[in-house]
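Working notes, structure below.
No value in this document is a laboratory result; all are computed from the given coordinates. Just so it is clear, the model here is predicted, and its values are computed rather than measured. Quick reminder, even Gly has a Cβ in these numbers, built from the backbone with ideal geometry, and neighbours come from all protein chains shown.
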Protein chains: 2
Amino acid sequence: MAVYTPVSADELAAFLAGYDIGAAVSFKGIAEGVENSNYLLETTAGRFILTLYEKRVAAGDLPWFLAFIGHLAARGLPVPGPVADRQGRTLQQLNGRPACLIEFAPGVSVTEATPAAAREVGAALGRLHLAAADFTQVRANALGPASWAPLAARCAHPDGGSRLGEIDPELPGLVAAGLAAAADWPAGLPVTTIHADLFPDNVLLLDGRVTALIDFYFACTDTRAYDVAVTHAAWCFSADGRVFFPDRATALMQGYAGVLALDAAEIAALPRLAAGAALRFTLTRAYDWLNTPADALVTRKDPMAFARRLAWYLAATPEMMGG
Amino acid sequence: MAVYTPVSADELAAFLAGYDIGAAVSFKGIAEGVENSNYLLETTAGRFILTLYEKRVAAGDLPWFLAFIGHLAARGLPVPGPVADRQGRTLQQLNGRPACLIEFAPGVSVTEATPAAAREVGAALGRLHLAAADFTQVRANALGPASWAPLAARCAHPDGGSRLGEIDPELPGLVAAGLAAAADWPAGLPVTTIHADLFPDNVLLLDGRVTALIDFYFACTDTRAYDVAVTHAAWCFSADGRVFFPDRATALMQGYAGVLALDAAEIAALPRLAAGAALRFTLTRAYDWLNTPADALVTRKDPMAFARRLAWYLAATPEMMGG
């Protein structure tokens, strides 16, 4: 949520000289994305997002990310694609950072996950999975099930005692239950390229329609229904995780099913997949919580908001998922 | 350089319902200004900046600021003015903060203070002072000469020992010399409403022309030539204050003089006024430096960059100022 790497007017002009998109008319750092420096750029030819990739994005993965969003954009998905320079290159270097120009998309980030918006995003996710079918490049999920026990172990004192209880007395037990359930992870389900982080703030809407799916930097090759489960966990609860909204869940699942039908094994596995998704966000938030100074200018996200979802999913049946 | 107060899509829609500027098409938090939350808003009718004023801006001063930028905009200055709602109000409340919609202006922040840009900004400052002549509302300069000795005193340990030497061994002596010089502050010079912070990042340019002067939240009623001196200190040195660029100074002063002629007393006072300006930024930066954790996500600005300018101005004659 910040601009880490400044770009001067002269540096921008030199960068744009490699492109066929005119000269800068306006250039403003925007507070979008968590990890990177983002600028909203208007040129005499149109509008773009300029992203400089900061340390937490692995530079070696960038060609994969850009290839995937380019693939989706080329198939007409509402995904802003990378813009190529005169030599056809999309990945650049600027001020010591990997950098890319991305198309600008109108729309406003969803902040209220209404059933109508959930239906739209379900359909958009189905179209994403359909369009991903012939994308053959593979990227492992660095935050998949195999990462969760090690991540929980990193939420510990140097002497090995867990610090999860510092966050909430109920958290250690919930994480233990989540890890136990994830040990029996559904196997053999269809795999594709997934977004893996389709939270409301990664969806732009205009007049009720999805105009953009953004922030693909957790995208990877993984279980298709796990992506549905992540989206379910992100969209179907109150922000604090205390209230489940069946109407949003039904709308999300109907939106998806209208484009792509999950098979019986996927539907049966959804509660466990969603418990895994809730565990994944519980753990990454807990790790960040324990490693972010309380007075830092970044907002810490409460791990309990997803630990409560985890508890709900551990007790859920497939029928309760809204599909 | 951050968004502190979030605004949801629903909150934005409710806010815009009071205006006659259409519905939101795009809405992005921007990293602009140091103190406030700023959003770039596009509606079906145009583009705007939505500012929510955070704690460090005194809410009681906001009507004055909005009246001044409205005054300048109405006189054709390149100053984005406030936008009124259907009831004619510009100052609003949004999410517990005072808030205002401001016109959007194209242009890119100046990052390289070339002589050509310095000439343009000098002329723009002259036009600002001309247009301010019939603005009769008064606001005292909270960071004027009377504030400097108390501010230096606040850069101290609880036991009273100065901490300026922690920043640089030369800093205590430079500040003492600056305070001594400021004790003999030029009196009786023409007073008007001044910007008081016209640094390159508060100026937008397009095709070499000033498209916007922004960030008026230090504007106040004070010595006209002091505003020229602030701008001189901001534009005519290398960023670290080690190199004075006479060509930029000449261009700045010529640009200003082409619009508005300083009188002989103002020209004679310029080195002392500029030493005061350099002292003011040295002290506010020193205070922030000593009170910002080294690991905070905000960039600390080096007080020595302006202490070096202070040393230069203390040794300068009016002839050396470029006028």
Problem - Inter-chain Cβ neighbour average for residues A:22-29, partner chain, 10 Å - result: 6
Practice task
On a C-alpha basis, how far is the centre of segment B:79-109 from the centre of segment B:200-248 in Å? Whole number, if you could?
Solution key: 24 Å
Completion exercise
A correct Karplus calculation of ³J(HN,Hα) over segment B:48-54, with 6.51 cos²θ - 1.76 cosθ + 1.60, θ = phi - 60°, whole Hz and x for Gly and Pro, returns 8, 9, 9, 10, 10, 7, 8
Fill in the blank from the handout: Highest GNM mean-square fluctuation among A:43, A:231, A:221, for chain A with Cα springs under 10 Å, belongs to A:43
Handout entry: Inverse mean reciprocal Cα-Cα distance (Kirkwood Rh) of the protein assembly as shown, Å
Key = 27.3 Å
Fill in the blank from the handout: In whole µm²/s, the translational diffusion coefficient that Stokes-Einstein assigns to segment B:9-105, given a Kirkwood hydrodynamic radius over C-alpha pairs, 4 °C and 1.567 mPa s, equals 95 µm²/s
Handout entry: Exposure proxy order (Cβ contacts within 10 Å, fewest to most) of A:157, A:129
Key = A:157, A:129
Problem - 11 Å cut-off, amide nitrogen to a point 7 angstrom out along residue B:238 Cα→Cβ, residues in segment B:171-212 - result: none
Fill in the blank from the handout: For segment A:9-104, the dipole about the Cα centre with charges only on Cβ (Lys and Arg +1, Asp and Glu -1), to the nearest 20 debye, works out at 160 debye
Practice task
Could you grab the relative contact order for segment A:65-130? Cα pairs under 8 Å, six or more apart, rounded to a whole percent.
Solution key: 24 percent
Fill in the blank from the handout: HN-Hα couplings for segment A:5-21 via Karplus (6.51, -1.76, 1.60; θ = phi - 60°), in whole Hz with x for Gly/Pro, come out as 10, x, 10, 7, 4, 5, 5, 5, 4, 5, 5, 5, 4, x, 10, 10, 10
Problem - In nm, spacing of pseudo-spin labels at residue A:136 and residue A:261 (7 Å Cα→C-beta vector) - result: 2.8 nm
Practice task
Would you mind ranking A:136, B:223, A:211 so that the residue whose beta carbon has the fewest other beta carbons within 10 Å leads the list?
Solution key: A:136, A:211, B:223
Practice task
For helix B:246-257, report the angle its Cα long axis makes with the longest principal axis of the Cα atoms of chain B; keep it between 0 and 90° and round to the nearest 10°.
Solution key: 60 degrees
Exercise for the section: With a point put 7 Å past each Cα toward its Cβ, work out how far residue B:23 is from residue A:14 in nm, to one decimal. Expected result: 4.5 nm
Problem - From phi via Karplus (6.51, -1.76, 1.60), per-residue ³J(HN,Hα) for segment B:192-200 in Hz, x at Gly/Pro - result: 8, 8, 10, 6, 6, 7, 7, 6, x
Problem - Over 15 Å [Cα-Cα, segment B:226-323], rounded percent - result: 60 percent
Fill in the blank from the handout: Shape call for segment A:102-141, from the Cα gyration tensor axes a ≥ b ≥ c (a/c under 1.5 means rounded, otherwise prolate when a/b beats b/c, else oblate), comes out prolate
Problem - Filtered GluC sites (Glu not before Pro), segment A:99-157: DSSP coil and at most 16 other beta carbons within 10 Å - result: A:112
Handout entry: Contact order relative to length of segment A:164-323, as percent, for alpha carbon pairs under 8 angstrom and 6 or more apart
Key = 28 percent
Problem - Placed amide H near residue B:47: partners under 5 Å, 5+ positions off or other chain - result: B:104
Exercise for the section: Would you work out the charge dipole size for the protein assembly as shown about its Cα centre, treating the Cβ of every Lys and Arg as +1 and the Cβ of every Asp and Glu as -1, and quote it to the nearest 20 debye? Expected result: 40 debye
Exercise for the section: Kindly put B:154, B:280, B:119 in sequence by how many other C-beta atoms sit within 10 Å of each C-beta, fewest to most. Expected result: B:154, B:119, B:280
Problem - Value of relative contact order over chain A, rounded to a whole percent, pairs C-alpha under 8 Å and six or more apart - result: 18 percent
Handout entry: Label-point separation, residue A:89 to residue A:291 (7 Å along Cα→Cβ), nm
Key = 3.2 nm
Problem - For chain B: span of alpha carbons on each principal axis (Å, largest first) - result: 57, 49, 34
Exercise for the section: Return one number: the angle in degrees, 0 to 90 and rounded to the nearest 10, between the long axis of the Cα atoms of helix A:264-291 and the longest principal axis of the Cα atoms of chain A. Expected result: 70 degrees
Handout entry: Folded to 0 to 90 degrees: helix A:224-235 orientation relative to chain A principal axis, Cα
Key = 90 degrees
Handout entry: Ellipticity estimate at 222 nm from DSSP helix runs (n ≥ 4, -39,500 (n - 2.57)) divided over the protein assembly as shown, nearest 500
Key = -12000 deg cm²/dmol
Handout entry: Amide proton proximity set for residue A:197, modelled H, under 5 Å, gap of 5+
Key = none
Practice task
Over the whole of B:282-289, what's the average partner chain Cβ count within 10 Å per residue? Rounded to a whole number, please.
Solution key: 0
